[in-house]
1. Does residue 327 count as open to solvent by 70 Å² or more (accessible area, probe 1.4 Å), under 22 Å from the mean Cα position of the chain (by Cα) and hydrophobic (A, V, I, L, M, F, W, C)?
2. Which count do you get for residues in segment 152-161 that are at pLDDT 90 or above and assigned to a loop (DSSP other than H, G, I, E, B)?
3. Looking at segment 122-136, which of the residues that are open to solvent by less than 50 Å² (accessible area, probe 1.4 Å) and either over 17 Å from the mean Cα position of the chain (by Cα) or without any contact (Cβ under 8 Å) to a residue 24 or more places away in the chain (or both) is nearest to residue 311 (Cα to Cα)?
4. Which condition from (1) in contact with a strand residue (DSSP E or B) (Cβ under 8 Å, 6 or more places away or on another chain); (2) at pLDDT 95 or above is the one that residue 270 breaks?
5. Only one of these conditions is not met by residue 261: (1) over 19 Å from residue 321 (Cα atoms); (2) at pLDDT 95 or above. Which number is it?
6. Please determine, by comparing only the residues of segment 162-187 that are free of Cβ contacts under 8 Å to residues at least 60 places away in the same chain and part of a loop (DSSP other than H, G, I, E, B), which one is least open to solvent (accessible area, probe 1.4 Å).
7. For segment 131-151, which positions are hydrophobic (A, V, I, L, M, F, W, C) and part of a loop (DSSP other than H, G, I, E, B)?
Amino acid sequence: MNPAGSVLIAMYGATIGKLGILNIDATTNQACCACYKYWINQKYLFFFLLAWRPQFIQMGGGGAQPNISKEKIEETYIPCPPANEQLRIVRQIDFIFELLKKLEISKNDIEKAVVKTKSKILELAMQGKLVEQDPTDEPAAGMLKRINPKAKIITDNPHYPQLPDNWAYISIDDVNSYESKSINPSVMPNNIFELYSVPVFSTGNPEIVLGKEIGSTKQKVEKGDVLLCKINPHLNRVWEIEKNSTNIQIASSEWIVIRSTEIEPTYLKLYFESPRFRELLCSQVSGVGGSLTRAQPSVVKSYLIPIPPANEQKRICDAIKSYLHILDDIILHLNN
């Protein structure tokens, strides 16, 4: 029988070195070593054994079923300060552990706040509220007319959210100059391709693969193209191809490709990541739900994009990158 207050340490298997303090008198099996000394503060003993756990694990032997003998535990020397100091040490460690719990809660709150802040920055940017407007900038309508003289350009319409002066709405279809070019990599088995696929989106880099390793036709893409994922649109996957390559750049059919000669690709990417666009994209999907939902390209092309003047697009992109860099630094320091 082990009295309440005994410190238990596991001696066998995957749990070797794990600790606990009995709240009641209890018996244990041979897999646990019970430590109890009335002249040592039991919580002080617990914290010592906790700090010593890596050494206990190293001392364990037995291959697939490592174990440490009770004798090895009992032969371990423990620094033993006066009773009052033991109590002060225990109180200080308890204080630190409690503080760490609060910090972890605070960290989670901060991470959630950062996500909301990023979303708010994009929202304000796409309303013309993140950077100042310059009245000397060429109005967006003039620039858009050069892109597509036949495009329907909206500068003032009560049915749409009010835009700042010199901004305009235009549909994705009217601004997109991309013409899909299918390519079958398997007919070039030894060529190296850079494949922008959905599974590797989270890595930030395309797959580098040989043509013989690609089993289906793809679409050819290039620097400046913006890829909008149509599968599971709630996951908010948007990819900007930021550099040219000596390899052939291709994308899977799960991406809607948007290319514009006049509009900053980074601005388009950021707009496609913004709350208003994501809400719109997710409101009109096909499929039975969950991972089977798809955005419909025929519908997406009719969506309107708020377009600022060319110079303001650059100012918006620079400001967003600066703010997001600061927020990412906050998360990095939290995790470190």
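The values are calculated or read from the model by the stated rules, or taken from the named source; none is laboratory data. Since this is a predicted model, take the numbers as computed values, not measurements. Don't worry about glycine lacking a Cβ; one is built from the backbone with ideal geometry, like all the others, and counts go over all protein chains shown. Please note that ligands, DNA and RNA were not included when accessible areas were found on the heavy atoms of the full protein model with its side chains. Shrake-Rupley method; radii C 1.70, N 1.55, O 1.52, S 1.80 Å.
1. The answer is no for residue 327.
2. 2
3. Checked segment 122-136; the qualifying residue nearest to residue 311 (Cα to Cα) is 131.
4. (1)
5. For residue 261, the exception is condition (2).
6. The residue in question is 184.
7. Once the filter is applied, which keeps residues that are hydrophobic (A, V, I, L, M, F, W, C) and part of a loop (DSSP other than H, G, I, E, B), segment 131-151 yields 131, 151.
Per-residue answers, yes or no, for (1) free of Cβ contacts under 8 Å to residues at least 12 places away in the same chain; (2) within 41 Å of the chain's Cα centre (by Cα):
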{"position": "41", "(1), (2)": "no, no"}
{"position": "50", "(1), (2)": "no, yes"}
{"position": "77", "(1), (2)": "yes, no"}
{"position": "102", "(1), (2)": "yes, yes"}
{"position": "108", "(1), (2)": "yes, yes"}
